[in-house]
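Trainee: Below you will find the structure I want to go over with you.
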Amino acid sequence: SHLVTCTPEAHDRAVAWISHLPVMVSAGLINACLHETDPGILDLAQQLASSGFKDTSRVGGGVPELGVLMAKYNQAEVVRSLHQYRDQIDSLITMIESSNWQALTTYLHQAQHVRPTFLNSDQTPC
């Protein structure tokens, strides 16, 4: 870890992306699974869930009060990030429904390429 200096506004906007949005998305993933209407399929999904689901859903299974505080005290930025995320989900739906596998491949390659910049950043923020 390292000390980062920035404005409160920049901090709130940045942490909405890398902290608060993942909590909301992860909780949404867990709750979306619960909307499976076939109890047998839900049970099977729970039995088959492994490291990918564990890693993706970890922060959504945390302390609910923390998620509420994130949303309450950073409301505008959490909502902004959720709208952007919804736009990404809509794009994914469009690509898959239209069988646009090339666009989906490009989309997934972009995410694969950019992900390390969020995890090993030595850049000076703000």
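The values are calculated or read from the model by the stated rules, or taken from the named source; none is laboratory data. Only a predicted model underlies this, so the values are computations on that prediction, with no experimental measurement involved. Here the Cβ is made from the backbone with ideal geometry for all residues, glycine too, and neighbour counts use every protein chain on show.
Trainee: Mind telling me which of the residues Ser26, Ser50, Ser19 ends up being of a type outside the set (A, V, I, L, M), at pLDDT 95 or above and in contact with a Gly (Cβ under 8 Å, 6 or more places away or on another chain)?
Mentor: On the way: Ser50 fails: in contact with a Gly (Cβ under 8 Å, 6 or more places away or on another chain); Ser19 fails: in contact with a Gly (Cβ under 8 Å, 6 or more places away or on another chain).
Step by step, each of Ser26, Ser50, Ser19 is checked, and only Ser26 is of a type outside the set (A, V, I, L, M), at pLDDT 95 or above and in contact with a Gly (Cβ under 8 Å, 6 or more places away or on another chain).
Trainee: Name every residue in the stretch 78-101 that is more than 22 Å from Ala10 (Cα to Cα) and hydroxyl-bearing (Ser, Thr, Tyr), in order of residue number.
Mentor: Matches in the stretch 78-101: Ser91, Thr94, Ser98, Ser99.
Trainee: Something else now. Considering every residue within the stretch 100-115, establish whether at least one is under 30 Å from His2 (Cα atoms), in contact with a helix residue (DSSP H, G or I) (Cβ under 9 Å, 6 or more places away or on another chain) and free of Cβ contacts under 8 Å to residues at least 12 places away in the same chain.
Mentor: Within the stretch 100-115, not a single residue is under 30 Å from His2 (Cα atoms), in contact with a helix residue (DSSP H, G or I) (Cβ under 9 Å, 6 or more places away or on another chain) and free of Cβ contacts under 8 Å to residues at least 12 places away in the same chain.
Trainee: Tally time: how many residues in the stretch 55-86 are over 14 Å from Trp17 (Cα atoms) and among the charged types (D, E, K, R)?
Mentor: The total comes to 4.
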